[in-house]
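Undergrad: Just passing along the structure, written as structure tokens.
Nothing in this text is a laboratory measurement; each read-out follows from the coordinates by a stated rule. Predicted model, so just to flag it, every value in this text is computed and none were measured. Here the Cβ is made from the backbone with ideal geometry for all residues, glycine too, and neighbour counts use every protein chain on show.
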Amino acid sequence: MAEPNLTKLAYQTLQQGKGLAGLAHKHLSSKLMNLIAPDAIPNTKPIPTELLKELRRSITDLERLDWLDAEQGLYPKSQLFDLPWLDWASRYPLVWLDLPSTWIRRKRNQTRDIPREINKDVYPDYYLQNFHHQTDGYLSDHSAELYDLQVEILFNGTADAMRRRIIAPLKRGLKRFSHRPQETLKVLDVATGTGRTLKQIRSAFNEVELLGIDLSGAYLRQASRCLNTKGCRFAQLIRGNAEDMPFPDESMQALSCVFLLHELPRNARQKVIEECWRILEPGGVLVLADSIQIADSPQFSSVLEDFHKIFHEPFYHDYINDNINETLMNSGFKSITAESYFMTRVWTANKPVRSS
């Protein structure tokens, strides 16, 4: 019994350390912004003490579930500790060096500051901007190299735990195909970004074929470095738009999509879900993970309303008031369920089997 208890303690200590590091970074960066760029400070209200307590309880519940899922074998416990520490440590100074340009863009409301060499004709217009005010948007290696670290800081070390909420519903969904050899099953991660989610999926599935699609070549290069290393099972990475994916009809048995929908205008959200329907085999499962919304988490509404004021998220306000269940139903999905974990809402939806 000693070893599991020590492992659990190590996990709890790790999460507490990441949480404190995230809070410390945000506190120090806010102080620095006050001194250097006070005009860039967003117009938000302090979070009340009771709401802070509720947020902390929500984090504790998330981490308890994360540990329990690993203990029950949904994914290996090693996944809880799989962090590129040396890589992040080397990049952390770049996060600080990047902050002044972020503040300038926020102060000037400069949201289309993207690399000049980008061919704008190959991207949808809504994509050509500085989401989160980050340098180059999603269109440079610099941005891709900092992204995972920035997200961990933003969510106080809970980003991976929230991403892992998709694994249990993916496993349940693929049970419908248990009569087939695992190596014939395909799992596609839509908007795979740096490949962090796909790496976690790989740790939980032994033989299935793994694919990832993303619109950013820079982020796919980062995903390739993350995923396709010596000794690791290969994951196929494809550049493409999730609104029009280059896959045959009914060619996938499971789809995941993490933190994409809130960065799309409503019509693009609908198109992405319709594409997921098209390429999913009848009986297959779609698992979406994205921000919580006003309807399911009204206690956090002030935090949600402030988010798009602090970060450049042009479609976020519309997203948090959108009805994702209805969008899924309109596309044909059935057996739709949803659960919230801290700042993440996870939807599971099935494509019905055709009646004979």
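Undergrad: What's the longest uninterrupted piece of the chain once you rule out the trypsin sites (Lys or Arg not before Pro) that are loop residues per DSSP with at most 16 other Cβ within 10 Å?
TA: Of all site-free stretches, the longest is 234-353.
Undergrad: Counting alpha carbon pairs within less than 8 Å and at least 6 residues apart, what relative contact order, in whole percent, applies to region 195-335?
TA: 21
Undergrad: Oh, and also: Step through the table entries LYS199/LYS351; LYS120/LYS334; LYS31/LYS107; LYS26/LYS77, compare each Cα-Cα distance with 27 Å, and write down the pairs that go over it.
TA: Over 27 Å apart, Cα to Cα: LYS120/LYS334; LYS26/LYS77.
Undergrad: Could I ask something else about it? Which net charge results when you count Lys and Arg as +1 and Asp and Glu as -1 among the other residues whose beta-carbon is under 12 Å from that of GLY240?
TA: -3
Undergrad: Here's another thing I want to ask about it. Between SER224 and ILE36, what is the spin-label point distance in nm, taking each point 7 Å from the Cα along the Cα→C-beta axis?
TA: Taking the simple label geometry, SER224 and ILE36 are separated by 3.4 nm.
Undergrad: Round to the nearest 0.05 the FRET efficiency obtained for GLU50 and ILE310 when R0 = 25 Å and r is the Cβ-Cβ distance.
TA: Given R0 = 25 Å and the Cβ-Cβ separation, E is 0.75.
Undergrad: Based on other C-beta atoms within 10 Å, arrange THR44, THR229, THR135, THR111 from fewest to most.
TA: The most exposed by this proxy come first: THR229, THR44, THR111, THR135.
Undergrad: How far is it, in nm, from the label point at THR111 to the one at GLN16 when both lie 7 Å from their Cα along the line to the Cβ?
TA: Taking the two extended label points, one gets 4.1 nm.
Undergrad: Just want to confirm a number: the relative contact order over the chain, from Cα pairs under 8 angstrom separated by 6+ residues, in percent.
TA: 16
Undergrad: Continuing with this model, one more query. By how many nm would the segment from SER101 to LEU6 lengthen if fully extended, with 0.36 nm per residue of separation less the alpha-carbon distance?
TA: 29.9 nm
Undergrad: Oh, and also: Give me a comma-separated list of calculated 3J(HN,Hα) values for region 346-354, in order, Karplus coefficients 6.51, -1.76, 1.60 applied at θ = phi - 60°, integers in Hz, x for any Gly or Pro.
TA: Working through the residues one at a time gives 10, 9, 10, 9, 10, 8, x, 6, 5 Hz.
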